[in-house]
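First the structure, in the form of structure tokens, and then the observations on it.
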Amino acid sequence: MYYVPQVLAAAGVKSEHSQLQAAALVGVCKTICIVVGQFSVDVYGRRVMLLASVGAVTASLALLSWCLGNVGNGATASITLAALCLFMMR
């Protein structure tokens, strides 16, 4: 959460205002998913939630590493932001 502006700066977002707005969006996504997760764990159980979380974290970090590795080759800041939101939603 603390490094979202720096990651977006590495992805090519120049404006500090845009970086902070994106960090706020990531925080909102995280908050919403915490509330949803609290109610979902009673329905699905901890094991299912853990396995889904591991899969989502792996996919989001793979996408984020691809985005940061291909900044000049077509990877956009919006894809990077989506990967960050997906990682925080775990």
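The values are calculated or read from the model by the stated rules, or taken from the named source; none is laboratory data. Keep in mind it's a predicted model, so treat the numbers as computed, not measured. As a convention, Cβ positions derive from the backbone with ideal geometry for all residues, glycine included, and neighbour counts pool all protein chains shown.
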Task: Test result for residue 41, surrounded by 12 or more Cβ atoms within 10 Å (Cβ to Cβ) and either under 21 Å from residue 7 (Cα atoms) or more than 12 Å from the chain's Cα centre (by Cα) (or both) - done: yes
Open item on the list: List pairs: first residue in region 1-24 and more than 15 Å from residue 78 (Cβ to Cβ), second residue of a type in the set (A, V, I, L, M) anywhere in the structure, Cβ distance under 6 angstrom, at least six positions apart or on different chains.
Closed with: 5/23
TODO: With the checklist (1) surrounded by 15 or more Cβ atoms within 10 Å (Cβ to Cβ); (2) hydroxyl-bearing (Ser, Thr, Tyr); (3) modelled with pLDDT under 90 in hand, flag the one item residue 78 doesn't pass.
DONE: (1)
Task: Top-ranked residue of region 1-14 - restricted to ones that are out of contact with any Gly (no Cβ under 7 Å at 6 or more places or on another chain) and in a loop (DSSP other than H, G, I, E, B), ranked as surrounded by the fewest Cβ atoms within 10 Å (Cβ to Cβ) - done: 2
